[in-house]
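The values are calculated or read from the model by the stated rules, or taken from the named source; none is laboratory data. Bear in mind the structure is a predicted one, so any value in this text is a computation, not a measurement. Heads up, the Cβs are rebuilt from the backbone with ideal geometry, glycines too, and the neighbour counts pull from every protein chain shown. With ligands, DNA and RNA removed, areas are computed over all heavy atoms of the protein, side chains included. Shrake-Rupley method; radii C 1.70, N 1.55, O 1.52, S 1.80 Å.
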Amino acid sequence: MNRNMIYSATALAALTILPACSDDEPVLTSRDLAGTTEFFADDDSHKQDLYYKPYVGNVGDPMPFYDPVAGDFKIMYLQDFRPNQAVTYHPIWCVSTKEAVSYQSLGELIPCGAATELDAALGTGSTIYNAGTYYTFYTAHSPNPTTTAGINEAVMLATSTDFVNWTKHHDLLITGGDTYSNSDFRDPFVFEGEDGMFHMLISTRQNGKGVLAEYTSHDLLNWTSAGVFMTMMWDRFYECPDLFKMGDWWYLVYSEQHDAVRRVQYFKGRTLAELKACTANDAGIWPDNHEGFLDSRGFYAGKTASDGVNRYIWGWCATKAGNSNTGAQDWAGNLVAHRVIQHADGALTLGEIPAISGMSDATTTTDNFSLDGGE
C-alpha cells in the first residue's frame, strides 16, 4: 500500500490524543452570528467594500470559487484577528460577490479545531462542487505537533450541501507520510482533469526540496498519490497553487515564499506536461520577460476563479504596522481583485475589474476603504 494514500479511520486511531469523531456527530453546524458581540458585528455593516476588509479583523489567503448553484463568486478566506490566539487561529470565513466590487459577508463557515486537534489553526485550501455537495479541502495546522502524533500539517476536508452548514471529516486525512514533509504539507488545490479524474496539488517538501505533490481521486473522498507534479526552483517554496486552463494554455499561479521575492507568479504550457517541465532541474522556463510576476510585493496569496466569461484573481494587500507607510508589512489586510488578461502568446497580465471601470468618480471616492500596504 502506498503510505501516502489517504488515511482510513482505522489508521487515524493511532492518533490517540485527538478526540474521536464520526459523521454521526458533526463537528460543526451553522454558527449563531447574531448571538455574540465578542469579535464582530454579524451584518458587517461597517466593512470596507470595494477592497473588502471586514468590520473587525483582516483578510488572509483568499480561496475563490465560482458557485454554479448561486451563480456568484464565493471567496473563502482566513480570518485574521489581531492579536491572534497562540494556538487556535485563522478560521475560514467567506464573502460572496457577483461582480468583484461589492461583497456580502457570509461570516464564519469552518471554525478552528480545539487546541489539541490537528486543525487547531487553519490554512489555505480550495472548494469544488460535485453532485450536490460542496467539498472544501483545507490545511490543518497544529502549532504543537507533540499533541498530534508529530504531524504539524495535513490536508482535511469539510463538506456542505447548502454552503451554510459544514461538516468536518476527521476520518479523511491526507498527510505527507514517509514521502513528503509532515511540517510543510499544505495549500491543497483540487481540479477536475481532462481524464475525468479529480486531481489535488499540495505544496510540500521531499528530501528538503520544495515540490508540488499530486494526488488523484474518482470520488473526492479516496485519494492516491500520483507522485511529484512539479519541483520548485532552488530553495524557494510555492504557496497557494492554482491551476487552470484558459484557451489553449495551461497555467499554474502560485505565491513564492522567499524573502527576496514573495510575489504572485505564474508558469504556462500548451499541455500539462509542458507546464510541469517549466521547473525541471531548476530550469526556470519563465513565461515572459519578467519572470511571471503578476503584481508587486503588495499583493500576495493570489488565486483565481472564472464564471466562464471573466477570470479574476483575488489576493490580499497587507496592512502595515502602526498604520504607517513606513511600517513593516503585517500578515493579511484587504481583499484585492484584478481581471486576468490573456495575450496572443499566452502571457498573462492583470487588468481592472469591468464593474470598477464603470463606476463614477463620485462612487469610488466616497467608498469606505483604505489600502496602506501597497507598494
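Considering only the stretch 307-321, I want to know if a residue exists there that is more than 27 Å from Glu194 (Cα to Cα) and assigned to a helix (DSSP H, G or I). Yes, the stretch 307-321 contains at least one residue that is more than 27 Å from Glu194 (Cα to Cα) and assigned to a helix (DSSP H, G or I). If only residues of the stretch 289-334 that are charged (D, E, K, R) and either open to solvent by 60 Å² or more (accessible area, probe 1.4 Å) or in contact (Cβ under 8 Å) with a residue 60 or more places away in the chain (or both) are counted, the one that is farthest from Met63 (Cα to Cα) is Glu291. The requirement of being modelled with pLDDT under 95, out of contact with any His (no Cβ under 7 Å at 6 or more places or on another chain) and at positive phi is fulfilled nowhere in the stretch 332-348; no residue meets it. All told, Arg263 falls short of being in contact with a Gly (Cβ under 7 Å, 6 or more places away or on another chain), at negative phi, free of Cβ contacts under 8 Å to residues at least 40 places away in the same chain and of a type outside the set (A, V, I, L, M, F, W, C). Scanning the stretch 323-363 for residues that are in contact with an Asp or Glu (Cβ under 7 Å, 6 or more places away or on another chain), under 20 Å from Arg262 (Cβ atoms) and in a loop (DSSP other than H, G, I, E, B) returns a single hit, Asn325. In the stretch 50-90, the residue that is farthest from Glu108 (Cα to Cα) out of those that are β-branched (Val, Ile, Thr) and either surrounded by fewer than 16 Cβ atoms within 10 Å (Cβ to Cβ) or modelled with pLDDT under 95 (or both) is Val69.
Would you confirm whether any residue within the stretch 269-287 is open to solvent by less than 30 Å² (accessible area, probe 1.4 Å) and in a strand (DSSP E or B)? Looking through the stretch 269-287, at least one residue is open to solvent by less than 30 Å² (accessible area, probe 1.4 Å) and in a strand (DSSP E or B). Listed by first and then second residue, the pairs with beta-carbon distance under 6 Å, at least 6 apart or on different chains, first residue in the stretch 150-178 and touching a residue at least 24 places away in the same chain (Cβ under 8 Å), second in a loop (DSSP other than H, G, I, E, B) and among the charged types (D, E, K, R), are Met156/Asp119; Gly177/Arg3; Asp178/Arg3. So for the stretch 169-179 (the condition being open to solvent by less than 20 Å² (accessible area, probe 1.4 Å) and either touching a helix residue (DSSP H, G or I) at 6+ places or on another chain (Cβ under 8 Å) or farther than 16 Å from Thr224 by Cβ (or both)), does at least one residue qualify? Among the residues of the stretch 169-179, at least one is open to solvent by less than 20 Å² (accessible area, probe 1.4 Å) and either touching a helix residue (DSSP H, G or I) at 6+ places or on another chain (Cβ under 8 Å) or farther than 16 Å from Thr224 by Cβ (or both), which makes the answer yes. Looking across the stretch 244-264 at every residue that is crowded, with 23+ Cβ neighbours inside 10 Å and more than 15 Å from Gly346 (Cβ to Cβ), the one that is farthest from the chain's Cα centre (by Cα) is identified as Val264. Taken as a whole, the structure places Thr204 among residues that are among the hydroxyl-bearing types (Ser, Thr, Tyr), without any contact (Cβ under 8 Å) to a residue 40 or more places away in the chain, over 26 Å from Asn310 (Cα atoms) and open to solvent by less than 20 Å² (accessible area, probe 1.4 Å). Restricting attention to the stretch 103-158, the residues that are in contact with a helix residue (DSSP H, G or I) (Cβ under 6 Å, 6 or more places away or on another chain) and within 30 Å of Pro68 (Cβ to Cβ) add up to 1.
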